[in-house]
Amino acid sequence: MRLTPISAIVLRQFYLLRAGPTRVLSLVVWVAIDIILWGFMTKYLNSVTAAGFDFVPVLLGAVLMWDFFTRVMFGVTMAFFEDVWTRNFLNVFGSPISINEYLAGLVSSSIITSAFSLVVMLALATALFGLSFLSYGGLLVPFLMVLFLFGIALGIVACSFVLRYGPSAEWFVWPIPAILSPFAGVFYPVSTMPAWVQTLAHVLPPVYVFEGMRAIVTGGATSGRSLAIGGALAVFYLLSASVVFTRVYRKAVRTGLIARYSAESIT
C-alpha cells in the first residue's frame with residue numbers, strides 16, 4: 001500500500017474537522033455527557049452502599065472503555081459517510097486508490113478521532129471523579145487494543161452494509177453498539193445472563209475485556225488465555241470484515257451500483 005493515498009484520506013478528514021467546529025464538538029459532547037452522567041451515578045452508589053467497594057473503576061471505567069469502542073467504530077463509519085453525504089464516493093474510487101488503501105485511510109482517521117475522544121474522557125474521568133487507570137495495570141493496553149480492533153471490524157462491516165444497500169441503510173449503523181452492549185457484559189458479569197445468551201456473548205471480544213477488568217478491580221486476576229481469545233476473535237473479525245468490504249465493493253463495481261450511488265436505496 002502507498003502512503004500518499006492513505007494520507008489523502010486522512011487529510012480530507014482533517015480539513016472537514018477544521019472547517020466545521022460542529023464535527024469537533026461531536027467528538028467531545030457525547031462522551032463528556034456519558035462520563036459526567038455515569039460519574040455522578042457512581043458517586044451516588046458509593047454513598048448508599050457498603051463502604052469498601054468503589055464503583056468508579058467498575059462502572060465508570062466500563063463506560064469509558066465502551067465509549068472508546070463506540071468512537072472507534074463511528075470513526076470509521078463517519079469518514080465513510082462523509083464521502084456518501086457529499087456524493088464524493090464515486091470520485092474517490094475514480095482516482096488511482098486501491099480498496100486496501102481506502103480502508104487504511106478510514107482506519108487511520110478513526111485512530112486519530114478515537115484517540116482524541118479517549119484523551120477527553122480520561123481527563124474528565126480523572127479530574128472530576130478520580131478514576132485512575134493505574135488500577136488496571138499493564139493490561140489496560142491489551143484491553144483497549146481488543147476493543148479497538150473489534151470497533152474497526154464493526155465499522156468496516158457497517159460501511160459494507162451501506163455500500164451494498166445505499167445511504168438509506170445508514171440508520172442500521174447507529175444502533176449497533178447499543179444492540180451489542182447487553183451481550184457484551186459491559187456493566188454486569190456474563191454469569192448473570194441465561195445460558196444461551198452466555199454462548200452468544202462468548203463470541204464477542206469485548207466480553208473478555210470487561211470480564212477481565214472486573215476481575216482486576218475486585219481484587220482478582222484476569223486470565224491471559226481469556227484475553228488472548230478475545231484478541232484472536234477481534235483479529236478474526238477484522239480480517240473477515242475486510243474481506244466482506246472488498247467483495248461488496250467488487251460487486252458494486254461489477255454490477256454498476258457505484259455509478260448509480262445516490263441518496264436512494266439500492267436494490
Percent of Cα pairs exceeding the 21 Å cut-off, where the set is the range 104-182: 44 percent
For ALA215 and TYR188, calculate 0.36 nm times their separation in residues minus their Cα-Cα distance, and state this gained length in nm to one decimal. 8.6 nm
Could you work out the relative contact order of the chain, using alpha carbon pairs under 8 angstrom and six or more residues apart, expressed as a whole percent? 23 percent
Apply the Karplus parameterisation 6.51 cos²θ - 1.76 cosθ + 1.60, with θ equal to phi minus 60°, to every residue of the range 104-119 and state each ³J(HN,Hα) to the nearest whole Hz, in sequence, with x for glycine and proline. 4, x, 4, 5, 4, 4, 5, 4, 5, 5, 5, 5, 4, 5, 4, 4
State to the nearest 20 debye the size of the charge dipole of the range 3-255 about its Cα centre, where the only charges are +1 on K and R beta carbons and -1 on D and E beta carbons. 560 debye
In a Gaussian network model of the chain with springs linking alpha carbons closer than 10 Å, the residue among ALA178, ALA234, ALA153 that fluctuates most is ALA178
Rank these for me by crowding, ASP83, ASP54, going from fewest to most other beta carbons within 10 Å. ASP54, ASP83
Report, to the nearest 10°, how far helix 3-19 tilts away from the longest principal axis of the Cα atoms in the chain, using its own Cα long axis and a range of 0 to 90°. 70 degrees
Determine, from the Cβ-Cβ distance of THR255 and TRP85 and an R0 of 22 Å, the FRET efficiency 1/(1 + (r/R0)^6), rounded to the nearest 0.05. 0.45
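Quick one: Kirkwood hydrodynamic radius for the range 110-267, alpha-carbon pairs, angstrom, one decimal?
17.7 Å
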Per the charge dipole of the chain (beta-carbon charges, Lys/Arg positive, Asp/Glu negative, Cα centre), the residue among LEU64, LEU200, PHE161 reaching farthest to the positive end is PHE161
Loop by DSSP (not H, G, I, E, B), at most 15 other beta-carbon atoms within 10 Å: where is the longest site-free stretch of the chain for trypsin sites (Lys or Arg not before Pro)? 88-259
Point-to-point label distance, TRP174-ILE99, nm (Cα→Cβ direction, 7 Å offset): 2.9 nm
Do you know the relative contact order of the range 157-267, to the nearest whole percent, from alpha carbon pairs under 8 angstrom that are 6+ apart? 39 percent
Can you give me the angle between helix 140-165 and the longest principal axis of the chain, using Cα atoms only, in degrees from 0 to 90, rounded to the nearest 10? 40 degrees
Of the candidates SER108, SER240, SER47, which one comes out as most mobile in a Gaussian network treatment of the chain with C-alpha springs shorter than 10 Å? SER47
222 nm [θ] for the chain, helices only, -39500 (n - 2.57) per DSSP H run of 4+, per residue, to 500? -25000 deg cm²/dmol
Can you tell me the equivalent ellipsoid semi-axes for the chain? Use √(5λ) from the Cα gyration tensor, largest first, whole Å. 35, 21, 16
So how tilted is helix 21-48 from the main axis of the chain? Cα-based, degrees 0 to 90, rounded to 10. 20 degrees
How far apart, in nm, are the 7 Å Cα→Cβ label points at VAL24 and SER226? 4.1 nm
Within the chain, excluding any chymotrypsin sites (Phe, Trp or Tyr not before Pro) found in a DSSP loop (not H, G, I, E or B) and having at most 16 other Cβ atoms within 10 Å, the longest uninterrupted segment runs 54-186
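FYI, it's all coordinate maths here, none of it is from the lab. If you're wondering where the values come from, they're calculated on a predicted model, not measured in any experiment. For neighbour counting, all protein chains shown are included, and Cβ atoms are generated from backbone atoms with ideal geometry for every residue, glycine included.
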